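Following: one structure in C-alpha cells, then a few remarks.
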Amino acid sequence: MHKIWLIFKHEYTRHVLRKRFIVTVISMPLFIGVMMVASIASSMMSINHSPVGFVNQSTLLNRFTPDPPKNEFLQTEVEFIKFDSESDAETALENKSIQAYYVLEADYKQTAKAKLVYYKFPANSIQEQFTDQIKHYLIKSQSPEVVTRLTEGFHLTLFSADGSRKVGENDWINYVVLFGAGILFIIVLFTSSGYLMSALVEEKENRTMEILITSVSPDQLMAGKVLGNLSVGLTQMSVWIVTLILGYLIGKKEFIWLQSLQISLGEILTLAAIMIPGFILVAALMAMLGTTVTEAREAQQMAGLITLPTVAPYWISTPIIMNPNGGLAVALSFFPLTAPVTMSMRTAMSVVPFWQVILSSTILFLTAAGAIWLSARAYRLGMVRYGKKVSLKELIGKQGVRHA
C-alpha cells in the first residue's frame with residue numbers, strides 16, 4: 001500500500017504542477033468569463049440609453065407617471081419624458097433629444113394599443129420597461145397577492161402519466177447543467193487520461209519500465225498511476241465546478257433564470273456513483289493502450305476505440321431523451337463505456353430507478369477493476385516485448401500468461 005501511495009503521489013504532483021495542466025485548468029473558466037464579459041458588454045453597448053418620450057391622450061392613464069430609471073448592475077433603465085402633444089414629441093425626436101416616443105391614444109381603454117414612433121427601433125428591454133410600468137399603474141389598486149399573480153402570470157408544468165417526468169417552463173437550466181455534466185466528464189476524462197497514456201508510452205520508449213519494475217509490482221504500479229490520474233481529473237473538475245458555483249452565486253442576483261436551478265442531492269450522488277468508476281475504467285484502458293503500443297502516435301490513434309463509444313449516446317440522444325426509461329437508454333446505462341453520458345442524460349429527463357443506478361455502478365466498478373488488472377498484465381508483457389506490439393490475443397490468452 002505504501003508503494004501505491006508513493007506512485008500515486010508522484011503521478012499526481014508530476015501532472016498537476018505542469019504548466020500545461022495549469023493552463024488547461026485556468027483556460028476554461030477564463031474563456032467562459034471572457035465570453036460572458038464580452039457578451040454583456042456588447043449587449044450593454046448596443047442599447048441606446050437616451051430618454052424615450054410618451055404622449056398620454058387616454059383618460060384611463062391620465063395620472064400615469066413613470067417611475068424614475070433604476071441604474072443597477074447589468075440593468076440600466078431609460079428615462080421616460082412626458083410631452084403635451086405629439087408634435088412636441090416629434091420635434092424632440094427630430095432633434096435627437098429622445099430616441100423614440102409612445103402615443104397612448106384616447107381609445108386606449110378599449111383597444112389597449114399604443115403607437116411607437118422611432119427612427120431606430122428601441123431595444124426590447126426598453127419596450128418591456130414601459131409596458132411593465134403601465135401594467136403596474138393599472139393594477140396598483142389591487143391587493144398584493146393579485147398584483148403578484150397578474151405580473152408573474154401562470155407557470156405551466158407538464159407531468160408524464162407514470163409520474164416519472166416533470167417538466168416546468170423554467171426548468172431548462174436544470175437540463176442544461178445535467179447534460180453539461182456529461183460533456184464536462186468527457187473533456188476532463190480524455191484530457192487527464194491522455195496524460196497517463198502519454199507517460200506510459202514515454203516510459204516504454206526510454207525503458208524506464210525496466211527500472212520501475214525492480215521496485216514495485218505491475219499491479220501496484222498500475223493502481224498508483226490510475227488513482228493518481230483519477231485525482232488529477234478530479235482536481236481539474238473540482239476547479240471548474242467551484243468556478244461555476246461562484247458564477248452561479250454571483251449571477252443569480254442579476255439573472256432571474258439562474259434562480260430556477262435546482263439540482264437535488266440524489267442527482268449529484270447518481271452522477272458521482274457512475275462517473276467516478278467510469279473515470280477509473282477509461283483511465284485503466286488508456287493505460288493498457290499505452291503499454292501495448294510502441295509509440296505515442298499509434299496510441300492516440302487507437303484511443304478512438306475508447307473515445308467513440310463514450311460519446312456515442314450524444315449521437316443517438318433523441319430516442320434517449322424521448323424515452324429515458326426505455327430499452328435503449330437502460331441498455332446503454334449498463335454498458336460501461338456509454339453509462340456515464342447516458343446516465344447524465346437520463347437523470348436530466350427522468351427519475352432513474354435506484355436499482356439501475358446500483359447495478360450500473362457495480363458493473364462499472366467491476367469492469368474498472370478488470371481493466372486495471374489487464375493493464376498490469378499488459379505492463380508485464382511490455383517488459384519482455386520491448387519494441388514490439390502486444391496483441392489482444394497475447395494479453396488475454398495463455399501465451400500472455402507464459403510471458404508474464
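Values in this text are rule-based calculations from the coordinates and carry no lab data. Remember, it's a predicted structure, so these values are computed and weren't measured experimentally. Reconstructed Cβ throughout: ideal geometry from the backbone, glycine too, with neighbour counts over all protein chains shown.
Computed from the Cα positions only, the extents of the stretch 50-151 along the three principal axes stand at 44, 38, 19 Å, in decreasing order. Each of Val37, Val103 was scored by other Cβ atoms within 10 Å of its Cβ. Listed from fewest to most, they are Val37, Val103. Non-local lysine pairs in the stretch 50-151, meaning eight or more places apart or on different chains, with alpha-carbon distances under 24 Å, amount to 20. When both bridge partners sit in the stretch 1-121, DSSP labels roughly 45% of those beta bridges antiparallel.
Couplings 3J(HN,Hα) for the stretch 217-229, derived from phi with the Karplus relation 6.51 cos²θ - 1.76 cosθ + 1.60 (θ = phi - 60°), are 7, x, 5, 5, 5, 5, 4, x, 5, 5, 5, x, 5 Hz, where x marks Gly and Pro. Couplings for the stretch 85-94, taken from phi via the Karplus curve 6.51 cos²θ - 1.76 cosθ + 1.60 with θ = phi - 60°, read 9, 5, 5, 5, 5, 5, 5, 5, 5, 5 Hz in order; Gly and Pro are left as x. Here's the picture: charge each Lys and Arg Cβ at +1 and each Asp and Glu Cβ at -1 in the stretch 1-97, and of Thr13, Thr24, Ser46 the one pushed furthest to the positive end of that dipole is Thr13. Give the separation of the Cα centroids, the stretch 305-340 to the stretch 173-192, in Å. Cα centroid of the stretch 305-340 versus Cα centroid of the stretch 173-192: 14 Å apart. Beta bridges per DSSP, both residues in the stretch 50-151: antiparallel share near 45 percent. The base-10 log of I(q)/I(0) for the stretch 2-71, evaluated at q = 0.28 Å⁻¹, reads -1.16 [Debye formula, identical scatterers on Cα atoms, solvent excluded]. For the stretch 216-239 and the stretch 78-131, write down the distance between their C-alpha centroids in whole Å. Between the Cα centre of the stretch 216-239 and that of the stretch 78-131, the gap is 65 Å. Remark on Gly53: its backbone amide H falls under 5 Å from those of Ile81, Gln99, Ala100, Tyr101, Tyr102, a criterion applied only to residues 5 or more positions apart or on other chains, H modelled at 1.01 Å from N.
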